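All remarks here apply to the structure that follows.
Nothing in this text is a laboratory measurement; each read-out follows from the coordinates by a stated rule. Please read these numbers as outputs of a predicted model, since none were measured by experiment. Reconstructed Cβ throughout: ideal geometry from the backbone, glycine too, with neighbour counts over all protein chains shown.
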Amino acid sequence: MEVTRIHDGLWRWSVTRDGLELASAYLEHGDAMLLVDPVIPAAVDDRARFERALARDRARLGGAVWVLLTRADEPRDADEVRLMTGGRQWTPGDPEPPGVTTIPVGEPGVAAIWSPGHRALMPGRAMTASSGALLPAPGVDGDALLALEPEVVIPSVGPMMG
């Protein structure tokens, strides 16, 4: 598991599965913890560290935990993380959790997540990073997402762009 602190209250972690780098985001909004497209590390030591970090932050913040999916049909480890944290799950089309705006992209059940407070965009698979550039998925208006002027983009597959 690779963990990157972007700034206070915004982190990215990733694991490699089947040769793909799967990335997730951790955001704090007030007393709420938001986990976007969560993946759980396979290695026992990494998993134990992951669980301790979530428990510590949940106790510190004391508010709701939200498990957000950018694709309703791709839950990754959301169910397990939700059970681990007592969190509520959000999928595209549900009322927005606190601190973020959700933007439908492409087909129904797919959304990008925008955090104005963190100036962070989590486009899911709607955009990927390749050779230092962000590329929109077919049928996605990448310019509309980038018009938000994010300081950091955390795709759910591949490297982060800042």
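Here Val44 and Asp18 are evaluated by their C-beta separation; at R0 = 22 Å the FRET efficiency comes out at 0.65. Note on the range 1-147: the C-alpha convex hull projects to 8.7 nm² when averaged across all orientations. Mind jotting down the distance between the C-alpha centroids of the range 134-151 and the range 66-118, whole Å? Taking the Cα centre of each part, the range 66-118 and the range 134-151 sit 18 Å apart.
Estimated purely from DSSP H runs of n ≥ 4, each contributing -39500 (n - 2.57), the mean residue ellipticity at 222 nm for the chain is -5500 deg cm²/dmol once divided by its residues. Close amide H pairs (under 5 Å, H built 1.01 Å from N) link Gly124 with Ile113, Ser156, residues at least 5 positions away or on another chain. Once C-alpha pairs closer than 8 Å and six or more residues apart are averaged by separation and normalised to the residue number of the range 2-155, the relative contact order reads 16 percent.
Stretch Asp141-Asp8 to full length: gain in nm at 0.36 nm per residue minus the Cα-Cα span? Present the calculation step by step, with values, prior to reporting the outcome.
Values: separation 133, 0.36 × 133 = 47.88 nm, distance 2.98 nm.
Stretched out fully, the Asp141 to Asp8 stretch lengthens by 44.9 nm.
With the cut-off at under 19 Å, measuring from each backbone N in the range 90-126 to a point 7 Å along the Cα-to-Cβ line of Asp79 picks out 90-92. Once the Cα-Cα distance is subtracted from the 0.36 nm per residue extended length, the Ala59 to Ser131 segment shows a gain of 22.0 nm. The H on the amide N of Asp141, modeled in the peptide plane, is under 5 Å from the matching H of Gly106, each at least 5 residues off or on a different chain.
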